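Q: What follows is a single structure, and I will ask about it in a moment.
FYI, it's all coordinate maths here, none of it is from the lab. All values derive from a computational prediction rather than experimental measurement. Here the Cβ positions follow ideal geometry from the backbone for every residue, glycine too, while neighbour counts run over all protein chains shown.
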Amino acid sequence: DAMVIQNPRYQVTQFGKPVTLSCSQTLNHNVMYWYQQKSSQAPKLLFHYYDKDFNNEADTPDNFQSRRPNTSFCFLDIRSPGLGDAAMYLCATSRGAKNIQYFGAGTRLSVL
Amino acid sequence: GENVEQHPSTLSVQEGDSAVIKCTYSDSASNYFPWYKQELGKRPQLIIDIRSNVGEKKDQRIAVTLNKTAKHFSLHITETQPEDSAVYFCAHNNAGNMLTFGGGTRLMVKP
């Protein structure tokens with residue numbers, strides 16, 4: 001009954017090799033978020049889509065891009081992963097902005 | 001500013017005792033304050049939230065209190081159980097209506 005599904009759960013990539021993480025949702029929520037979470041830290045918002053409108057956080061590196069081809073799917077593209085990009089990446093959805101966010105199980109990215 | 005400070009960073013209690021985690025924020029326009037629980041290796045999950053039109057909200061053993069004048073809100077867990085052991089994050093909506101998270105509190109409930 002997973003409502004926000006992230007694939008893969010674990011991803012290993014090489015330094016500089018592009019990688020794409022995916023997120024899908026069955027909740028029909030109009031807002032989708034991508035967070036980066038490093039060990040023992042709070043989730044850090046990278047960007048979000050409000051419907052089709054893309055909103056980048058000011059301190060999100062250019063190395064991170066996102067696509068939302070339809071309501072259900074959202075992708076995180078890391079163009080040239082560095083060692084510092086190794087983290088858990090969490091996708092979340094909500095109906096509107098100031099409402100409950102439902103998180104996916106996350107993708108743990110390792111960069112070799 | 002949009003920072004939120006969360007204290008303590010770690011909290012160890014005996015099973016059956018109460019646990020209190022406090023967050024302080026600076027944005028007076030914030031009006032939505034959720035708390036998330038994240039067990040080791042799992043996703044954050046909402047456990048309770050409060051909006052600024054109320055001062056307290058309870059759900060069984062969990063309660064949240066909000067003091068808008070002082071700009072702080074607290075999570076109270078009574079009769080703690082080992083399964084309450086997790087990292088708890090407070091959050092509030094910032095100027096862009098996105099959530100700003102506190103630094104987290106690692107709660108350990110000793111049986």
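Q: Return the long-range amide H neighbours of residue A:29 (sequence gap of 5 or more, or a different chain), with a cut-off of under 5 Å between placed amide H atoms.
A: Distant-sequence amide H within range of residue A:29: zero hits.
Q: Work out how much length residue A:5 to residue A:38 would gain on full extension: take 0.36 nm times their residue separation and subtract the Cα-Cα distance, in nm to one decimal.
A: Numbers: separation 33, 0.36 × 33 = 11.88 nm, distance 1.98 nm.
Extending this stretch completely gives an extra 9.9 nm.
Q: Cross-link candidates for residue B:57: which lysines have Cα within less than 26 Å, leaving aside residues fewer than 8 places away along the same chain?
A: A:98, B:22, B:37, B:42, B:68, B:71
Q: List, largest first, the extents of the alpha carbons of chain B along their principal axes, each in whole Å.
A: 41, 27, 20
Q: Say we join alpha carbon atoms closer than 10 Å with springs in a Gaussian network model of chain A; which of A:36, A:25, A:65 then has the biggest fluctuation?
A: Looking only at A:36, A:25, A:65, the biggest GNM fluctuation is shown by A:65.
Q: Let me check I have the definition right: for the protein assembly as shown, take the eigenvalues of the Cα gyration tensor, multiply each by 5, take square roots. What are those semi-axes in whole Å, largest first?
A: Details: eigenvalues 179, 81, 50 Å².
For the protein assembly as shown, the ellipsoid semi-axes come out as 30, 20, 16 Å.
Q: Under a GNM of chain B (C-alpha, springs under 10 Å), which listed residue has the highest mean-square fluctuation: B:39, B:83, B:56?
A: B:83
Q: Under a GNM of chain A (C-alpha, springs under 10 Å), which listed residue has the highest mean-square fluctuation: A:64, A:47, A:15?
A: With Cα springs under 10 Å in chain A, the top fluctuation among A:64, A:47, A:15 is at A:15.
Q: Here is a follow-up. Between B:31, B:19, B:85, whose Cα lies farthest towards the positive end of the dipole of segment B:1-96 when Lys and Arg beta carbons carry +1 and Asp and Glu beta carbons carry -1, centred on the Cα centre?
A: Projecting each Cα onto the dipole axis, the largest value belongs to B:31.
Q: I would also like to ask the following. Please give the length that would be gained between residue B:7 and residue B:40 if that part of the chain were fully extended, namely 0.36 nm times their separation in residues minus their C-alpha to C-alpha distance (nm, one decimal).
A: Values: separation 33, 0.36 × 33 = 11.88 nm, distance 1.95 nm.
Between residue B:7 and residue B:40, full extension yields an extra 9.9 nm.
Q: Please compute, for peptide A:49-57, the average count of beta-carbon atoms on other protein chains lying within 10 Å of each residue's beta-carbon.
A: Details: counts 0, 2, 0, 0, 0, 0, 2, 0, 2.
Mean partner-chain Cβ count within 10 Å for A:49-57: 1.
Q: Let me ask something additional. Give me the percent relative contact order of chain A, please, defined on Cα pairs under 8 angstrom at least 6 residues apart. Before the final figure, lay out each step's value.
A: Values: 267 pairs, mean separation 43.3, N = 112.
The value is 39 percent.
Q: Measuring from a point 7 Å past the Cα of residue B:67 along Cα-to-C-beta, which residues in segment B:36-50 have an amide N at less than 18 Å?
A: The answer is B:50, whose backbone nitrogens lie closer than 18 Å to the label point.
Q: Kindly write out, for segment B:33-50 in residue order, the coupling ³J(HN,Hα) from the Karplus curve 6.51 cos²θ - 1.76 cosθ + 1.60 (θ = phi - 60°), rounded to whole Hz, with x marking Gly and Pro.
A: Working through the residues one at a time gives 9, x, 10, 10, 10, 10, 7, 4, x, 10, 7, x, 10, 5, 10, 6, 9, 9 Hz.
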